[in-house]
Amino acid sequence: MSTAPIFPDPAVTDDTRPASLLATLPGTYYTDPEVFRREQEHVFEQNWVCAVRSADLDRPGAFRTVRAGRESVLVVRSRTGGLNAFLNVCRHRGARLCTAESGTVRRNLQCPYHAWTYALDGRLVAAPNLTGMPDVDRTAYGLHPVALREWLGYAWVCLAPTPPSFEETVVGAVTERLGDPAAVEGYRTESLALGRRITYDVAANWKLIVENFMECYHCATIHPELTDVLPEFADGYAAQYYVGHGAQFAPGARGFTVDGEEGFGRLPGVADTQDRRYYAVTVRPAVFLNLVPDHVILHRMFPLAVDRTVVECDWLYAPEVVDSGADLSRSVELFHRVNSQDFEACERTQPAMASRAYREGGVLVPTEHHIGAFHSWLRGALGEEPAA
Ligand code: FES
Ligand code: FE
């Protein structure tokens, strides 16, 4: 495989560009199926992918299938209470084992083709006529396991034979952004309950969505409700621009809601210094974590094609808030509007990536310069330049 840049990019070495402007990636990175394939292989199949909210699999046999890179991964709750992940491929002749996105099996996972049957820990336990094949060591024909870690109440999976350090990559990204490993712990995300989940099917390349999330240059233009609550966003500096910085609520905002009215107080572990502030974290490649005093919003992205990305967004609240049947609508509506506004902007941008006008890419203004680090990281992962 060639490790040369897909597009020889004169803009990158263009020293006539003013220092205020950095180059973006060329348009082809957002449209070329070969780039997408290389990203799947070198990014999504090599890094930890946030797959499933652990509590969604609430009993033995409960499963969820998710896309990780080019693979379908099956995450299932075992009899002993833990979670296991496997490639969703039957060891007999390769049929997709679970075709449903989610469900619950009673005891075992049975392939619908010839009925090879696997325990919830992946062992092959039965197959028609297996007793007539005494030379077959059934322990050698279990499902292929996939590495799994639980953190923040989610199961993260990694297809790499030797996964990168979870602490250095996933936990490290959150620590690097918040400046303190304890900063995320106070939200006790793993103990929160799901208040709402919205799945967005976005007709845009996953990187447009990441880049958009990382900057706030667009906030004043497209997010009127958000800048009402977080007025500093109207200046264009995203919360991610400064290490440890959380955007302060407007003096008149009573909560992080669409109309600035009261939310649900403060989660018990949220520090005074974190109160009335919004923190945003990007965990590369495809997770966004949003922290506000009374809830946590977590986005998981699943790139399905070079121009299509499914984003699953969870709003998580204290269990007693969800159990009380409280009206979450004004709380959810704020970020649902932000999501809709952002994804509409990404969808408007996607077709133009194929234009000759964008052949050499565009530019990043100073409030977006940190996006350059994402591009360097990506190019490093693709073997095009030293990893940033
Ligand atoms: Fe699964 Fe044959 S392909 S049992
Ligand atoms: Fe936005």
(message) Could you go through segment 152-172 and let me know if any residue there is farther than 23 Å from V52 by Cα and of a type in the set (S, T, N, Q).
(response) no
(request) Would you be able to say whether some residue in segment 300-315 is among the polar types (S, T, N, Q), within 16 Å of the chain's Cα centre (by Cα), within 16 Å of ligand 2 (Cβ to nearest atom) and closer than 13 Å to I209 by Cβ? (result) yes
(request) Residue by residue through segment 104-143, note down the ones that are touching a residue at least 60 places away in the same chain (Cβ under 8 Å) and within 14 Å of ligand 1 (Cβ to nearest atom). (result) L143
(request) Report, ordered by the first and then the second residue, all pairs with beta carbons closer than 8 Å, sequence separation of six or more or different chains, a first member in segment 84-102 that is more than 9 Å from S72 (Cβ to Cβ), and a second member that is of a type in the set (D, E). (result) N84/D121; S102/D56
(request) Among the candidates A160, A155, single out the residue that is among the aliphatic types (A, V, I, L, M), more than 16 Å from ligand 1 (Cβ to nearest atom) and outside any loop (DSSP other than H, G, I, E, B). (result) A155
(request) Could you name every one of the helices (runs of 4 or more DSSP H) located completely within segment 168-271 that has at least 3 residues being buried (at least 16 other Cβ atoms within 10 Å of the Cβ)? (result) 172-178, 206-214, 224-229
(request) Identify the residue in segment 326-339 that is within 19 Å of M214 (Cα to Cα) and in contact with a Phe, Trp or Tyr (Cβ under 8 Å, 6 or more places away or on another chain) and, among all such residues, is surrounded by the fewest Cβ atoms within 10 Å (Cβ to Cβ). (result) N339
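Read the figures in this text as sums done on the coordinates, not as results from a lab. In this text the structure is predicted, and so the values were computed from the model without any measurement. Here the Cβ is made from the backbone with ideal geometry for all residues, glycine too, and neighbour counts use every protein chain on show.
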